[in-house]
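Just so it is clear, none of the values below were taken in a lab; they were calculated from the coordinates. No experiment lies behind these values; they were computed from the predicted model shown. A quick note on method: Cβ atoms are made from the backbone with ideal geometry, for glycine too, and the neighbour counts reach across all protein chains shown.
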Amino acid sequence: MIIRSDETVDISVSGAPGSMRLHLFRPAIPGRFPGVLFFSEIYQVTGPIARLAALVAGQGYVVAVPEVYHEYEPPGTVLRYDQTGTERGNALKITKSIAAYDADARAGLDFLARHEACTGRLGTLGVCLGGHLAYRAALNPTVSAAACFYATDIHCATLGLGKSDDSLARMDELKAETLFVWGRQDPHVPFAGRQAIRERLEAVGARHEWHEVNAAHAFLRDEGPRYDPALFLQSVGWMLALFGRVLNAAD
């Protein structure tokens, strides 16, 4: 399916200065499609993030990718995959409040639900920081499915200002069907951390799918030495199967 990937829109977020830029990827044909709010890593909308968004859009989804640090960086800012970019991204991750992350999610979901090309069925997607944000966004009752790849900080409650998020505690609010994919060799989410998340999912009776693969952190990123193309295809297949089954159910 041919897509459009040249659109951006700046939307207001409750309590935030300025606006939040969304990068849009959607089928270039008439019709209405489910919406997916895609949260990036700490580097914002890089080449690998844009390419993954385009891949999802080409399967028949309206994908919106927010600039997660819009309060702190000019619109269009992309942090580099180097030490300076990593340090800046990690610093902003704990400068921004949990309330601000949640307000971004609500604004992005509301935008997608109102978009002329969207059916109103909503899912979330994220990698790294974005995996955590995709999970938190899925606590909104309007979200039906979420795909969370190597989501950082959930197990240790260290996201946001004060490094004391309530993500694990709120898991009993999760109604969306959720996919979690982890790398066993990922130092950011060790075995004990993964175990804590899975035990909590089971305890609250969450509808979820769980995969652990032999890979390092960021194995989906198609730049750099940790990229695993075979696992990329396998993992994207799990995600598209979930979205196809859940987000297209009403159609």
* Descending Cα extents along the principal axes, the chain, whole Å -> 47, 38, 36
* Starting from the exponent 0.38 and prefactor 2.2 Å, build the expected Rg for segment 4-150 from its residue count and divide its actual Cα Rg by it. => 0.96
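Relative contact order, percent, of the chain when contacts are C-alpha pairs under 8 Å separated by at least 6 residues?
Computed value for the chain: 16 percent relative contact order.
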* Inter-site label distance for VAL204 and ILE2 at 7 Å from Cα along Cβ, in nm -> 4.4
* Shape category assigned to segment 129-251 from the gyration tensor of Cα positions, a/c cut at 1.5 -> oblate
* Among ILE98, VAL204, GLY224, whose Cα lies farthest out toward the positive end of the dipole of segment 3-246, if unit charges sit on the beta carbon of Lys, Arg (+1) and Asp, Glu (-1)? -> VAL204
* Would you pull out the residues with amide H under 5 Å of ARG4's amide H, same chain only if 5 or more places away, H placed 1.01 Å from N? => ARG26, ALA28
* Read phi for every residue in segment 20-28 and hand back ³J(HN,Hα) as whole Hz from Karplus 6.51 cos²θ - 1.76 cosθ + 1.60, θ = phi - 60°, with x for Gly and Pro. => 10, 7, 10, 9, 9, 9, 7, x, 8
* Asked: Taking the Cα centre of segment 43-131 as the origin, how large is its charge dipole in debye, to the nearest 20, when only Lys and Arg (+1) and Asp and Glu (-1) carry charge on their Cβ atoms?
  -> 180
* Asked: So what J values fall out for segment 119-127 if you push phi through Karplus, 6.51 cos²θ - 1.76 cosθ + 1.60 with θ = phi - 60°, rounded to Hz, Gly and Pro as x?
  -> 6, x, 7, 10, x, 10, 8, x, 10
* Which lysines does LYS175 reach when only Cα atoms under 23 Å apart count, and residues fewer than 8 places away in its own chain are ignored? -> none
* **Which of GLY126, LEU247, GLY162, positive extreme of dipole for the chain (C-beta unit charges)** => LEU247
* **Set of aspartates and glutamates near LYS163 by C-alpha distance (under 14 Å), chain-local residues within fewer than 8 positions excluded** => ASP153
* Take the alpha carbon atoms of segment 133-179, find their radius of gyration, then divide it by 2.2 N^0.38 Å using N residues; give the quotient. => 1.10
* Structure fact -> Which residues qualify? For HIS208, with a placed amide H closer than 5 Å and at least 5 residues away or on another chain, they are THR178
* Structure fact -> Diffing segment 130-140: the Karplus 3J(HN,Hα) column from phi (6.51, -1.76, 1.60, θ = phi - 60°), in whole Hz with x for Gly and Pro, holds x, x, 5, 5, 5, 5, 4, 4, 6, 6, 5
* Nearest-20 debye value, segment 3-246 charge dipole, Cβ charges on Lys, Arg, Asp, Glu -> 360
* To do: List every residue whose amide H lies under 5 Å from the amide H of ASN140, counting only residues 5 or more places away in sequence or on a different chain, with H placed 1.01 Å from N in the peptide plane.
  => none
* Alpha-carbon centroids, segment 194-251 and segment 62-86: separation in whole Å -> 23
* **Calculated Rg and Dmax of segment 179-241 using C-alpha coordinates, Å** => 12.5, 37
